[in-house]
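Quick note: the coordinates plus some simple rules give every number you see, no bench work behind them. Since the structure is predicted, the reported quantities are computational estimates derived from the model, not experimental observations. Note that we place each Cβ from the backbone using ideal geometry, even for glycine, and neighbour counts take in every protein chain shown.
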Amino acid sequence: LAAADGSTRPTIFAEMSALAARTGAANLGQGFPDEDGPEWIREAAIAAIRDGGNQYPPGRGAAELRAAIAEHQRRRYGIELDAEREVLVTAGATEALTAAILALAGPGDEVLTLEPFYDSHAAAIALAGARHVTVPLVPTVEGFRLDLEALRRAVSPRTRVILVNTPHNPTGTVLTGDELSAIAAAAERVDAVVVTDEVYEHLTFDGARHLPIATLPGMRERTLTVSSAGKTFSLTGWKIGWATGPARLVEAVLTVKQFLTYSGGAPFQPAIARALTEGDADVAALQTVLDARRELLIHGLHDAGFATVRPEGTYFVCADASPFIDGERADASPPINGERADGSPFTSAEVRNGADFARWLTEHAGVACIPLSAFCREGSATAEALANWVRFTFVKDETTIRTAIERLGELR
Ligand code: PMP
Ligand code: GLN
C-alpha cells in the first residue's frame with residue numbers, strides 16, 4: 001500500500017536513527033529520551049508482571065487507568081469525564097489518532113491539519129482515503145504562528161475533522177487561546193469534529209500554558225482529546241495512550257481500535273495509573289531539566305550559525321540551515337560530500353535543501369537531525385518556505401547535546 005502523496009513511506013525517524021547508529025552520530029533526530037522514566041514507575045510495572053497482570057486487559061483499558069486519566073483531566077484542566085464511557089486506553093497516541101481518523105473520515109471527506117504536521121497524521125488521513133488540507137504555521141518573531149486567514153479559507157462543508165496538535169511537533173508552538181478559538185469557530189461553522197493531539201501537554205516552557213481546546217465554550221461535545229504517557233514520563237516504548245471525549249466519539253475510536261490491537265500493555269497500565277496520580281513532581285522535574293537543555297541547544301545552534309525559532313513546548317527546536325545550503329559552503333571545511341536517500345552522491349555545491357543537509361550533517365559532521373520537509377506535503381507552499389529547515393531534539397542527555405554542539409561548532 002503506497003499513498004500517492006508519499007505519506008506512507010518508511011518514516012524519516014527510523015531512517016535518520018538508523019543512519020545515526022551506523023555513523024556514530026549524536027542523535028538529535030528522533031524524539032525519544034536517553035534516560036528512562038522514574039524508577040518507581042518502572043518498578044510498578046515489574047510488580048504488575050509479578051502479580052499476574054499479564055493477560056488481555058479490557059478493550060477499553062484497565063478500570064484503574066481510565067479512572068486515573070479522568071481524574072488527571074479534571075484536576076489539570078477542569079474537564080469532567082465519565083471513566084466508563086468517555087475514556088479509552090490505546091496503544092500510544094498513534095493508535096488513538098489513526099483509529100480516530102479511520103473512524104471519522106473517508107473518501108470524499110477533508111481532514112484539516114496544521115502544516116508542518118506530525119508524519120502519522122498525514123499517513124492516517126491517506127489510509128482513510130480522505131483528502132488532506134493544511135493550514136500553515138508561519139515562522140515569526142513570536143514563534144511559528146497559525147495563519148488565521150488561511151484557516152478561514154481551508155474549511156469547507158466537506159471538512160469532517162480538524163486535527164490539532166498543541167504543543168506542536170515539530171515547531172514547538174503552544175497554540176494561544178486566540179488561535180484555538182479561531183479553530184473552534186471554524187469547526188463549529190462547518191460542524192466538524194476536532195481531534196487534538198496533546199502528547200506534549202506537560203512539556204511547556206517560558207510560562208507558556210497548554211490549553212486543551214476541549215475546554216473552550218461549546219467544544220467539549222465535538223472534541224476528541226488524545227494524549228499518551230510516553231513523553232510525560234519518558235517511557236516512549238510502553239505505548240500507553242488514550243482518547244477522551246464524548247461517548248459517541250470514544251465509541252467510534254473503539255470500533256476501529258478493537259480490530260487494530262483489541263488491547264495491549266497490560267502490566268504498564270496500572271503503572272501509568274499510578275504515574276498519572278502520584279507523578280506530578282517527576283513531571284515538574286523533567287520540565288526543569290528539559291528547559292536547561294533547551295537553552296543549551298539553542299545557544300549552541302546560534303553559535304554555529306543557525307537561526308532558530310524559540311520553542312515554547314515539546315522537546316524540539318527548529319533551525320534554518322540556509323547558511324549551509326546551496327553551495328554557500330562550497331569551500332567549507334570539512335567539505336560536504338553526502339549521499340541522498342536514493343543513494344545518489346552530492347557535494348558541497350549540491351546541498352540543495354534541509355533533507356540533503358540532514359543526511360550530510362549526520363554522515364559527515366556526526367549530528368543527526370530531521371528535515372522539516374518530512375512534516376510537510378510535497379510541493380506545498382509551506383514545504384517551499386521551510387525547505388532549508390531542520391529539527392533538533394533536546395530530550396537527549398547533556399553529554400550528547402554538548403558533543404553535538406561541539407561538532408556543530410566545527411562547521412563555522
Ligand atoms: N503525536 C505527536 C505530535 C508525536 O510527536 C508523537 C511521537 N512521539 C506521537 C503522537 C506518538 O505518540 P505515542 O508514542 O504515544 O504513540
Ligand atoms: N515522535 C517522535 C518524533 O517526532 C518519533 C516517534 C516515532 O519514531 N514514530 O521524533
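Structure data summary
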{"quantity": "Those lysines that a straight Cα-Cα span of less than 25 Å connects to K396, excepting residues fewer than 8 apart in one chain", "calculated": "K231, K239"}
{"quantity": "Difference of contour (0.36 nm per residue) and Cα-Cα distance, N54 to R412", "calculated": "123.5 nm"}
{"quantity": "Cβ-Cβ FRET estimate between Y77 and E251, R0 fixed at 25 Å, reported to 0.05", "calculated": "0.65"}
{"quantity": "Gained length - A285 relative to F13, 0.36 nm times residue gap less alpha-carbon distance", "calculated": "95.2 nm"}
{"quantity": "Pairwise label distance in nanometres, Y262 with E142, each label 7 Å out on the Cα-Cβ vector", "calculated": "5.1 nm"}
{"quantity": "Segment E149-A21, extension gain: residue separation times 0.36 nm, minus the distance between their alpha carbons", "calculated": "41.8 nm"}
{"quantity": "Label point distance in nm, A63-A2, each placed 7 Å from Cα along Cα→Cβ", "calculated": "5.0 nm"}
{"quantity": "Gaussian network model of the chain, Cα within-10 Å springs - most flexible of T314, T277, T94", "calculated": "T277"}
{"quantity": "Alpha-carbon Debye profile of the stretch 4-98, log10 I(q)/I(0) at 0.11 Å⁻¹", "calculated": "-0.58"}
{"quantity": "Computed over the stretch 39-278, Cα set: Rg, Dmax in Å", "calculated": "17.3, 56"}
{"quantity": "Relative contact order of the chain, pairs being alpha-carbon contacts under 8 Å that are 6 or more residues apart, as %", "calculated": "23 percent"}
{"quantity": "From the C-alpha gyration tensor of the chain, square roots of 5λ in Å", "calculated": "34, 25, 20"}
{"quantity": "Hull-based mean projected area of the stretch 148-215, where the convex hull spans the alpha carbons, in square nanometres", "calculated": "4.7 nm²"}
{"quantity": "0 to 90° range, to nearest 10: angle between helix 12-23 axis and the chain longest Cα axis", "calculated": "50 degrees"}
{"quantity": "Stretch in the chain that is longest and holds no GluC sites (Glu not before Pro) that DSSP places in a loop and that have at most 14 other beta carbons within 10 Å", "calculated": "143-327"}
{"quantity": "Separation of alpha-carbon centers, the stretch 1-59 and the stretch 220-261, rounded to whole Å", "calculated": "17 Å"}
